[in-house]
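What follows is a single structure, written as structure tokens, with notes after it.
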Amino acid sequence: MVKSKNDTAEDREGSTHAWPNKKIRLSNTGASNEIPEGTEIGEGGGDPTGEAQHAEATDDDQHRSKQDSIGTVATANPTPSDAISPTTVGKRGGGATQPTLSVRTVIPNPTKLLIDEAEVKDYGNELKARLHKLSNYTNEKAHVYALGRLLLTATWGQYKAVNDRSKTLCDPATGEPLTIWVVGHITHMWFAKRGVPESQASITILPLAQNLARQSAHLLAKFSSPVLAVNQQTTHNIRAIKWQNARNDDIQTEAILFDSVYDARGEGSLKTYDERPLWSLGDLKAGDLVLLEMKMTRYSRRGEDNKWQSRAQYEMLAISLLNIGPAPEAEAEGMSKIDGLAI
């Protein structure tokens, strides 16, 4: 098992990859694993607040220091997209004030259906009860919220020359980034190619309720600028990315395999990262039930019209195994499906 830094190209997402069960542990690069002192841990208690280091960016984005377009605070040299920022409070023709962008303005009536019973029908009552706790989890002190119970006032953080949080979803009362929890079954993973860690890794999960997947797609679409149509987002699953290499201007370090992977199958095992049992990334597979911990960020890119755009996304912080899925069925030799073959 090894370490990270964030996502891959969309056409690679459909690949799953396995690695030898290495138990190599590399130190985190600046992310905080600690829970505020006095916070209780576990499904009914507090939570880690570690942060990923890098947001997704295009080649243009890597070589420019322009600020993203949707900040709640204007930058000194705004990009063209600043003019269409949905977070800006302004007046429209009739003198009405535009509300500041927040989770509440995007999702005024959050779904109450966080688990489709069909998704958990094969699990025992103890695990089902635990999944309900995780899906409804909130810890204001640790700034941790289940995706279905996201802080309604959350919005993009404020721009600062040091420790800038204008590209991360934050609690406006404290300015602290939110850690978002979502439970689901792995559908795709992309971390390495031919055993070599990719610069950008990704994981895709199917959440336990389709209502939650659609709500998530709506959230990402409306927090992008220009605002996207919801049908431009995947509405049945949730994808998070992670840069596995550090990037600073033109200098790019060697990618290091993501290693914030834990075994959380035991009741009460969701403690601080340092206290959680480790799990090998190479042992994860499609069908496994996991708790995906992530943050919501945004990255800049140029559109087809050469104007700056901003896209909201999820960045993975940690993956915790909750239940091992069934082993994939091996295809009988010589029985592989061949498209277009008919005899």
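Read-outs throughout are calculated quantities, based only on the coordinates presented, and are distinct from any laboratory measurement. If you're wondering where the values come from, they're calculated on a predicted model, not measured in any experiment. We place every Cβ from the backbone using ideal geometry, glycine too, and count neighbours over all the protein chains shown.
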Residue in the range 215-235 that is surrounded by 23 or more Cβ atoms within 10 Å (Cβ to Cβ) and among the β-branched types (Val, Ile, Thr) present: no
The range 275-325, subset among the acidic types (Asp, Glu) and touching a strand residue (DSSP E or B) at 6+ places or on another chain (Cβ under 7 Å), residue surrounded by the most Cβ atoms within 10 Å (Cβ to Cβ): Glu293
So Tyr262, is it hydroxyl-bearing (Ser, Thr, Tyr), closer than 24 Å to Arg214 by Cα and either over 16 Å from the mean Cα position of the chain (by Cα) or part of a strand (DSSP E or B) (or both): no
Answer residue from the range 126-142, given it is in a helix (DSSP H, G or I) and not basic (Lys, Arg) and is nearest to Asn323 (Cα to Cα) among those: Leu127
Subset of the range 274-294 (residues that are in a helix (DSSP H, G or I) and under 17 Å from His188 (Cβ atoms)): Leu281, Gly282, Asp283
Test result for Ala246, within 27 Å of Arg302 (Cβ to Cβ), aliphatic (A, V, I, L, M), surrounded by fewer than 20 Cβ atoms within 10 Å (Cβ to Cβ) and in contact (Cβ under 8 Å) with a residue 60 or more places away in the chain: yes
Odd one out for Arg165, checked against (1) under 30 Å from Ile256 (Cα atoms); (2) among the charged types (D, E, K, R); (3) surrounded by 18 or more Cβ atoms within 10 Å (Cβ to Cβ); (4) in contact (Cβ under 8 Å) with a residue 40 or more places away in the chain: (4)
Residue count for the range 168-218, restricted to those that are free of Cβ contacts under 8 Å to residues at least 60 places away in the same chain, closer than 16 Å to Phe258 by Cα and part of a loop (DSSP other than H, G, I, E, B): 1
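Does Thr153 qualify as being in contact with a helix residue (DSSP H, G or I) (Cβ under 7 Å, 6 or more places away or on another chain) and assigned to a loop (DSSP other than H, G, I, E, B)? Give the derivation first.
Details: in contact with a helix residue (DSSP H, G or I) (Cβ under 7 Å, 6 or more places away or on another chain): yes; assigned to a loop (DSSP other than H, G, I, E, B): yes.
Yes: the conditions hold for Thr153.
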